[in-house]
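The values are calculated or read from the model by the stated rules, or taken from the named source; none is laboratory data. This is a predicted model, so every value here is computed, not measured. So basically every Cβ, Gly included, is an ideal-geometry build from the backbone, and we count neighbours across all protein chains shown.
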Amino acid sequence: MIIMDTRIREFEKIKIQKYIPELDLLNNPVLNAQEKEFLAELYEFMEKELDPEFIKLEDLNYLVEEPTQDKKREIVVGIMKKLSEKGYYSTILNTEGYEVGRITRNALIAYAICGGRWSEFSERYIAGNYSVEMGRLAGGTLYCNPVNYASDDAQKEQFLIPVARDGQIGASAMTEFNAGSDIFRMELALQERDDMIVAKGKKLFITNGMIADFIVLYGRLNNGQLAAVVVDTKNQQLKNFRSTRVRTYGMTDAFVSRLIFDRVELPKESLLKGHGLDIAFHQLTEERLVISAEALGDTMKKLLYSHAYALQRRQFERRLHQYQVIRFPISRKIRELNLLISALIQYVRQLDKHPELAGSKLMAANTMGLKISTTELGFESAIHCFRTMGGRGFTRQYANEIGLFDPYCMVHGGGSNYVLEDSESRRFFKYKPPRREFEDTIPKIDY
Ligand SMILES: Cc1cc2nc3c(=O)[nH]c(=O)nc-3n(C[C@H](O)[C@H](O)[C@H](O)COP(=O)(O)OP(=O)(O)OC[C@H]3O[C@@H](n4cnc5c(N)ncnc54)[C@H](O)[C@@H]3O)c2cc1C
């Protein structure tokens with residue numbers, strides 16, 4: 001069989017050549033010396049260890065005739081292992097030996113992996129990969145944090161250590177066909193029998209689902225209460241369990257999956273202690289901050305590409321950047337990006353300093369606001385990049401390279417922005433109706 005690379009040879013690679021200090025987090029005055037040191041080391045690791053793997057992943061997108069899924073799986077599993085060896089996968093166990101706090105590190109890692117960076121060493125842009133970061137978030141945070149929160153020592157040994165320390169793949173399974181934004185409607189049954197739990201139901205849109213070694217699975221116990229169990233997928237060979245890929249047009253390396261539990265028998269010890277929603281929500285503030293960091297890193301990437309293309313491309317005898325309609329949105333978004341980065345850094349530092357803030361409703365609300373603003377900024381920056389690219393933005397070749405569709409999904413991931421905005425605005429306008437005696441003093445007008 002002839003393997004066909006679908007790339008158009010006439011299309012040149014977009015060359016990001018010019019260093020823009022405003023788009024370099026290492027140059028941002030808001031970071032302190034320790035944070036910069038942590039970040040510099042991380043960027044070096046990315047360039048040496050991750051970038052060759054990211055390039056392999058991208059190249060596989062163009063071989064339409066060839067099944068690429070297994071190759072991608074191997075690369076992604078290898079990347080998570082590499083990340084975990086350096087303490088970059090989950091930060092839940094690594095609380096000592098770092099001058100930079102756990103949540104600040106989690107956010108900086110997310111920013112770096114999504115955004116990539118101009119490398120002075122090799123004088124080229126190291127692109128990063130948003131969907132690999134989504135996989136890191138799903139395994140390292142959305143799986144590890146709830147398991148750490150609600151497990152006893154034996155469960156930690158069995159379920160947490162293999163993922164948090166050894167870099168095996170974790171996933172978090174909440175969403176169902178009828179329970180999307182409205183997760184209270186979850187239907188998956190966790191039937192308690194003598195010494196086991198039998199899981200029956202389906203899950204949808206589960207990041208890492210088909211490559212996961214362990215899944216934290218949310219569902220309903222016999223009494224109707226929401227609960228969480230840990231599923232050891234036995235290397236995806238678990239009896240009566242099936243996982244298939246959902247074909248998405250962005251986030252192509254995040255292995256977003258559909259899962260079927262057709263009476264899967266699990267030992268009783270896999271049940272985590274506590275209410276399912278409390279287990280799922282206790283790490284919400286951290287999740288929102290990491291999602292914000294991802295979106296900001298990705299915004300930076302989109303702005304770099306828009307900027308580079310605007311410098312390179314000539315139409316009507318001028319470079320695109322000479323047209324204000326192209327130039328203005330780029331500079332406006334650079335401004336917004338840096339404002340939101342400072343908010344993010346403030347929040348993650350505060351949360352590291354005062355871990356009790358993880359339970360603060362106001363902190364949760366503020367980070368929700370940040371999540372909405374950052375993911376919308378990422379979304380808009382992608383749309384703007386798409387416009388700047390003209391017809392080329394429509395080709396796989398450029399859309400993949402820039403990850404043009406990745407930020408589209410994050411206005412839904414981690415709580416849809418519409419749902420969050422609706423609840424936010426309702427909270428602002430919550431009020432007690434005026435008391436009767438006041439009402440009597442309001443003059444009645446006949447119309
Ligand atoms: C790439 C990707 C990865 C994901 N990974 C995971 C994962 O690892 N684990 C997991 O459990 N889930 C995951 N999800 C699922 C994600 O959390 C859901 O997509 C999300 O909760 C929205 O649910 P839905 O898609 O069913 O949309 P729906 O709930 O059907 O919503 C449709 C639209 O209606 C809006 N809407 C709904 N209710 C309201 C309301 N009350 N007010 C205003 N607007 C409303 C929504 O904002 C949305 O725009 C992932 C999704 C994607 C796209």
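Some points to look at:
- Residue selected from the range 93-148 under the condition charged (D, E, K, R) and part of a loop (DSSP other than H, G, I, E, B), by the criterion farthest from ALA164 (Cα to Cα): GLU123
- The set of residues from the range 206-228 being crowded, with 20+ Cβ neighbours inside 10 Å, more than 14 Å from the ligand (Cβ to nearest atom) and of a type outside the set (Asp, Glu) comprises just one member, ALA227.
- The requirement of being over 30 Å from GLY391 (Cβ atoms), of a type in the set (Lys, Arg) and surrounded by 12 or more Cβ atoms within 10 Å (Cβ to Cβ) is satisfied by LYS81.
- Hey, VAL231 β-branched (Val, Ile, Thr), crowded, with 17+ Cβ neighbours inside 10 Å, more than 12 Å from the ligand (Cβ to nearest atom) and assigned to a strand (DSSP E or B) or not: yes
- Filtering the range 132-175 to residues that are among the aromatic types (Phe, Trp, Tyr) and surrounded by fewer than 22 Cβ atoms within 10 Å (Cβ to Cβ) leaves only TYR149.
- Filtering the range 391-419 to residues that are near the ligand (Cβ under 8 Å from one of its atoms) and assigned to a helix (DSSP H, G or I) leaves CYS409, ASN417, TYR418, VAL419.
- Close pairs from the range 404-425: first modelled with pLDDT under 85, partner surrounded by fewer than 20 Cβ atoms within 10 Å (Cβ to Cβ), Cβ under 8 Å, at least 6 apart: GLY415/SER181
- Members of the range 165-179 that are away from the ligand (no atom under 11 Å from the Cβ) and among the acidic types (Asp, Glu): ASP166
- Within the range 315-342, residues that are in the same structural domain as VAL30 (by TED's automatic domain parsing) sit with their Cβ atoms under 6 Å from residues that are in a loop (DSSP other than H, G, I, E, B) and not small (Gly, Ala, Ser), at 6+ positions apart or across chains, in these pairs: LEU320/ARG313; SER342/VAL30.
- Scanning the range 315-338 turns up one or more residues that are away from the ligand (no atom under 15 Å from the Cβ), under 18 Å from the mean Cα position of the chain (by Cα) and buried (at least 16 other Cβ atoms within 10 Å of the Cβ).
- Only one of the listed residues (ASP194, ASP182) is near the ligand (Cβ under 10 Å from one of its atoms) and either under 24 Å from the mean Cα position of the chain (by Cα) or without any contact (Cβ under 8 Å) to a residue 40 or more places away in the chain (or both). That residue is ASP182.
- ILE16 fulfils the conditions (1) buried (at least 17 other Cβ atoms within 10 Å of the Cβ); (2) in the same structural domain as GLY116 (by TED's automatic domain parsing) except for a single criterion, (2).
- Any hit, the range 37-44, residues being over 22 Å from THR299 (Cβ atoms), out of contact with any Phe, Trp or Tyr (no Cβ under 8 Å at 6 or more places or on another chain), of a type in the set (A, V, I, L, M) and surrounded by fewer than 18 Cβ atoms within 10 Å (Cβ to Cβ): no
- Number of the exception - PHE281 against (1) closer than 24 Å to PHE394 by Cβ; (2) surrounded by fewer than 22 Cβ atoms within 10 Å (Cβ to Cβ); (3) hydrophobic (A, V, I, L, M, F, W, C): (1)
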